[in-house]
Structure formats: structure tokens, C-alpha cells
Amino acid sequence: MPVRIRNTIVHTEDLFEEEDRVLDTPWRTAVVAAVIENPWYGTGTDGDLSAGLEIGEELGVHLAEALCAALGGPDQVQAYGKAAVVGLGGEVEHTSAIIHTPRFGKGARSVIGSTGLIYSTNSRGPAGAIITVPITHRDDDALRDYYMSFDIVPAESPAPDEIVIALAGATGPRPFARLGSRAQDKVAMDAEARMLEGATQ
């Protein structure tokens, strides 16, 4: 089942300073979204959703290519995330059939050259619904300095028979990030627990 992309939305932002401190390199973020015809609109809650595999891979590639173009190339996509909103005439399950399959991630990662999971949100809403996209590091989701979320508001979508699929990214960690890796937190907490256990024996 070929996907029908009605339009693609691209939103980019360059941040030059934070708290009156100028960044050494501007921090670019982008959200790209494809507005597609919902292929399962009106098919009922027992409809076959297997076409989501093929659709997901196609959209993963399409959106990743658009994200790479917006951020300046695959190596500039240092963090990413995905989201989907189905129109009021569809089911949240329709979004899951597209973005919560191995094919969407495979398609996106094949373009970006990344290895990490692509974190996500999915929901149902009217035209103009806020779509919030969470992001994490492209290869290591323990790196908290890359945790962020971005919003996109497609003013005229999704219509009741549409789905909006979004992919967001950033060229680096949050400006002046300094929280490090949660993996190191666990090491420190385990060491503290062992120390406290020893003190009570």
C-alpha cells in the first residue's frame, strides 16, 4: 500500500545565545512532518494494519532525508525523536502501526547512520493539535544532555482522515548542558548503596 503524502512541513530554529551567553556554535533544531492520508480511515477497529510496515519504512526514509537536509547532513543529526497524531476520524492504533514498527526506525537510521532507539509520542487530535516530539542522543539514550522536546503545530492538519508523522532533531546537546550520563549516576548510586550497606553491618 503506497503512502499518500499530502504535504511536508519543515520548521527549523537557530539558537545563538542562552542567558546572554553567546554559543560558540549556533544550536540548530528542526522538526519535519509529513501529513498523510490515513489509509485505514473508515475501516473499523478490526481492520488489518500490516500495511503500516511498508508505510513506516517509506516515511522513516522520507522524514530522515528531510531532517538531514534541515540540519545540514546526517552527521549533524546528533539527537532525534518521533511523534504522530491521527485525526479525529482515526484510531491511535493507526499511528502505532506506522511509527512503532522496526521498519520506521530502520528507514530513518539507514539515512542518518545512527544506532539508537527513536523515542516517541503518539495521540489523536484535531487540526492544529500540538505535536510534541521528544529527542534523545542518536546512539546513546543515557546521555541526559540531549534530552529535550520540541513542538510543532500544523494549523490545518490533521483532518479527520489524516495522520501527521513527525521527526525532530538537534545538532548537539542542550546549550551549556552539564548533567552528564544517567549511566554514571547509576554507578555512583550503586557505590553509595554499597558504602551505606557496609556502614550498617
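Residues that are closer than 29 Å to Glu65 by Cα, charged (D, E, K, R) and at pLDDT 95 or above: does region 152-160 have at least one? No: region 152-160 contains no residue that is closer than 29 Å to Glu65 by Cα, charged (D, E, K, R) and at pLDDT 95 or above. Which one is nearest to Pro2 (Cα to Cα) among residues in region 41-96 that are of a type in the set (Val, Ile, Thr) and in contact with a Ser or Thr (Cβ under 8 Å, 6 or more places away or on another chain)? Here the answer is Val61.
Within region 42-79, the set of residues being closer than 25 Å to Trp27 by Cβ, part of a loop (DSSP other than H, G, I, E, B) and in contact with a helix residue (DSSP H, G or I) (Cβ under 6 Å, 6 or more places away or on another chain) comprises just one member, Val77. In region 78-94, of all residues being touching a Gly at 6+ places or on another chain (Cβ under 9 Å) and within 17 Å of Ala168 (Cβ to Cβ), the one that is surrounded by the fewest Cβ atoms within 10 Å (Cβ to Cβ) corresponds to Gln78. Among the numbered conditions (1) closer than 16 Å to Leu67 by Cβ; (2) of a type in the set (Ser, Thr, Tyr); (3) touching a helix residue (DSSP H, G or I) at 6+ places or on another chain (Cβ under 7 Å), the only one that Tyr119 does not meet is (3).
Yes/no per residue for (1) closer than 25 Å to Gly169 by Cα; (2) surrounded by 13 or more Cβ atoms within 10 Å (Cβ to Cβ); (3) in contact with a Lys or Arg (Cβ under 8 Å, 6 or more places away or on another chain):
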{"residue": "Val3", "(1), (2), (3)": "yes, yes, no"}
{"residue": "His11", "(1), (2), (3)": "yes, yes, no"}
{"residue": "Pro26", "(1), (2), (3)": "yes, yes, no"}
{"residue": "Thr29", "(1), (2), (3)": "yes, yes, no"}
{"residue": "Glu37", "(1), (2), (3)": "yes, yes, yes"}
{"residue": "Tyr41", "(1), (2), (3)": "no, yes, no"}
{"residue": "Thr45", "(1), (2), (3)": "no, no, no"}
{"residue": "Glu57", "(1), (2), (3)": "yes, yes, yes"}
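Looking across region 97-149 at every residue that is of a type in the set (Lys, Arg) and either in contact with a strand residue (DSSP E or B) (Cβ under 6 Å, 6 or more places away or on another chain) or under 18 Å from His62 (Cα atoms) (or both), the one that is surrounded by the most Cβ atoms within 10 Å (Cβ to Cβ) is identified as Arg138.
Selection within region 59-77: residues that are more than 19 Å from Pro154 (Cα to Cα), hydrophobic (A, V, I, L, M, F, W, C) and over 13 Å from the mean Cα position of the chain (by Cα). The member of this set that is surrounded by the fewest Cβ atoms within 10 Å (Cβ to Cβ) is Ala69. Set side by side, the residues Ile135, Ile112, Ile130 differ, and just one is without any contact (Cβ under 8 Å) to a residue 24 or more places away in the chain and within 16 Å of the chain's Cα centre (by Cα), which is Ile130.
Among the residues of region 173-187, how many are within 21 Å of Gln76 (Cα to Cα) and either surrounded by fewer than 13 Cβ atoms within 10 Å (Cβ to Cβ) or out of contact with any Asp or Glu (no Cβ under 9 Å at 6 or more places or on another chain) (or both)? Going through region 173-187 one residue at a time, the tally reaches 3. If I filter region 80-95 for residues that are in contact (Cβ under 8 Å) with a residue 24 or more places away in the chain, acidic (Asp, Glu) and either at positive phi or in a loop (DSSP other than H, G, I, E, B) (or both), do I get at least one hit? The answer is yes; a qualifying residue exists. Could you tell me whether Asp145 is touching a Pro at 6+ places or on another chain (Cβ under 8 Å), of a type in the set (D, E, K, R) and either outside any strand (DSSP E or B) or within 18 Å of Ala177 (Cα to Cα) (or both)? For Asp145, the condition - touching a Pro at 6+ places or on another chain (Cβ under 8 Å), of a type in the set (D, E, K, R) and either outside any strand (DSSP E or B) or within 18 Å of Ala177 (Cα to Cα) (or both) - is met.
The values are calculated or read from the model by the stated rules, or taken from the named source; none is laboratory data. Keep in mind that this is a model prediction, so the values were computed, not measured. Every residue, glycine as well, gets a Cβ built from its backbone with ideal geometry; the counts of neighbours run over all protein chains shown.
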